[in-house]
Amino acid sequence: MAATQRNQQRRSDAISVGLVILLLALVLPAVLDPFRLNLIGKYLAFSFVAIGIVLTWGYGGVLSLGQGVFFGLGGYMMAMFLKLEASAPELPDFMVWSSIETLPVWWQPFHSLGWTVLGILTIPAGLAWLFSYAIFRRRVSGVYFAIVTLALALTLTVVVIGQQGDTGGANGITDFRTLLGWDILSDDGKRVMYFIEVGAVSLAMLLSLAIIRSRFGKILIAIRDREDRVRFSGYNTAHMKAFVFAFAAVLSSIGGAFYSLQVGLIAPGVIGVVASVEMVIYAAVGGRLSVPGAVVGALLIGFLKSYLSETFPEGWLYFLGAVFILVVWAMPNGLAGLVNRLHWWRRSDEAAR
């Protein structure tokens, strides 16, 4: 019976991922104009973070309210490369305004796209693993870990804003439009970048599902439910939770890099407390136990933010807040949980007949 349920769940996950990829790769590009498609690309950047939160929170029981930190790291590293390309051979404009005469040493590697991509993939992973392992080793978890990550997001925001000459301060890094000479803000450039991002999201979903279905994924669920028993069985739970937290940090960093490419700027607002909490809401709305649901949640909330802010510029936050309350109250497992419940009711009705 259990094996049958697992097979059904795997089949359901595969169908859901396939439908999401079909929606992103075929349906939306066919019906949306370049401007709206670029907005979808912006929302997809946050779906990387939501997928990581599904792994850490839904399956690992580790709630992080500071994923904006790693999203910002990836976004700023990509923006640094793009800004150096746009400013060459001069210094970036915000450095000139701050009376900086030479490029800081830590900016030098971002002259190269290869080093930039390597930094996006490795620096957030290393920092996340060191930070989380030090905390998990002391068996700090639950709401205490969430508060620590929230403080980390707030601290980094203050640092970024305070370093006007190095990071652009409150304005962030702006005014770039080319990637290796290719205009990424033209209609054709936005369309190509969108399909590249869809491919990356698809790969992120497949890798995440592979982790969940692996033996490591089963142990991760056991850690979420009864960490003390897993620890008594001889497993180093701190290592395992730190690994999945680092993997989620890499996904967030990749999302930040795509955000800079899609939007054409990066600012401290995507690092801060509000943005980090919103990222958790994406996963909660889509379903904290569903990888494709996280992508749908990011798209849905992103669309609602844009639509409501255009239609109700003074009261759109109240509408959005009502949506969040409704989901938490009526659908604790998000949209994916609602779909699964409807599917179960239909199967029960068929069996009764």
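The table below lists the values:
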quantity: Index of the failed condition, residue 101 passing every other in (1) assigned to a loop (DSSP other than H, G, I, E, B); (2) touching a strand residue (DSSP E or B) at 6+ places or on another chain (Cβ under 9 Å); calculated: (2)
quantity: Index of the failed condition, residue 90 passing every other in (1) under 22 Å from residue 192 (Cβ atoms); (2) assigned to a loop (DSSP other than H, G, I, E, B); (3) among the charged types (D, E, K, R); calculated: (1)
quantity: Residues satisfying the stated conditions in region 227-273, i.e. within 19 Å of residue 119 (Cβ to Cβ) and small (Gly, Ala, Ser); calculated: 246, 248, 249, 252, 253, 255, 256, 257, 260
quantity: Qualifying residue in region 273-285 (condition: free of Cβ contacts under 8 Å to residues at least 60 places away in the same chain and surrounded by fewer than 17 Cβ atoms within 10 Å (Cβ to Cβ)); calculated: yes
quantity: Region 108-130, subset free of Cβ contacts under 8 Å to residues at least 40 places away in the same chain and crowded, with 17+ Cβ neighbours inside 10 Å, residue nearest to the chain's Cα centre (by Cα); calculated: 116
quantity: Any hit, region 69-85, residues being out of contact with any Lys or Arg (no Cβ under 7 Å at 6 or more places or on another chain), in a helix (DSSP H, G or I), aliphatic (A, V, I, L, M) and surrounded by fewer than 24 Cβ atoms within 10 Å (Cβ to Cβ); calculated: yes
quantity: Qualifying position, being part of a helix (DSSP H, G or I), at pLDDT below 85 and small (Gly, Ala, Ser), among 337, 293, 297; calculated: 337
quantity: Test set (1) within 23 Å of residue 71 (Cβ to Cβ); (2) of a type outside the set (Ser, Thr, Tyr); (3) outside any loop (DSSP other than H, G, I, E, B) - residue 185 fails condition number; calculated: (3)
quantity: Residue within region 272-282 that is in contact with a strand residue (DSSP E or B) (Cβ under 9 Å, 6 or more places away or on another chain) and either of a type in the set (A, V, I, L, M, F, W, C) or more than 26 Å from residue 336 (Cα to Cα) (or both) present; calculated: no
quantity: Top-ranked residue in region 208-240 [being touching a residue at least 60 places away in the same chain (Cβ under 8 Å) and among the basic types (Lys, Arg); ranked as farthest from residue 294 (Cα to Cα)]; calculated: 224
quantity: Residue among 159, 140 that is of a type in the set (Val, Ile, Thr), assigned to a helix (DSSP H, G or I) and modelled with pLDDT under 95; calculated: 159
quantity: Positions within region 167-199 being in contact with a helix residue (DSSP H, G or I) (Cβ under 8 Å, 6 or more places away or on another chain), crowded, with 18+ Cβ neighbours inside 10 Å and either of a type in the set (D, E, K, R) or without any contact (Cβ under 8 Å) to a residue 12 or more places away in the chain (or both), in sequence order; calculated: 190, 197
quantity: Any chance residue 224 is surrounded by fewer than 19 Cβ atoms within 10 Å (Cβ to Cβ), of a type outside the set (A, V, I, L, M, F, W, C) and within 24 Å of residue 17 (Cβ to Cβ); calculated: yes
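The values are calculated or read from the model by the stated rules, or taken from the named source; none is laboratory data. All values derive from a computational prediction rather than experimental measurement. So basically every Cβ, Gly included, is an ideal-geometry build from the backbone, and we count neighbours across all protein chains shown.
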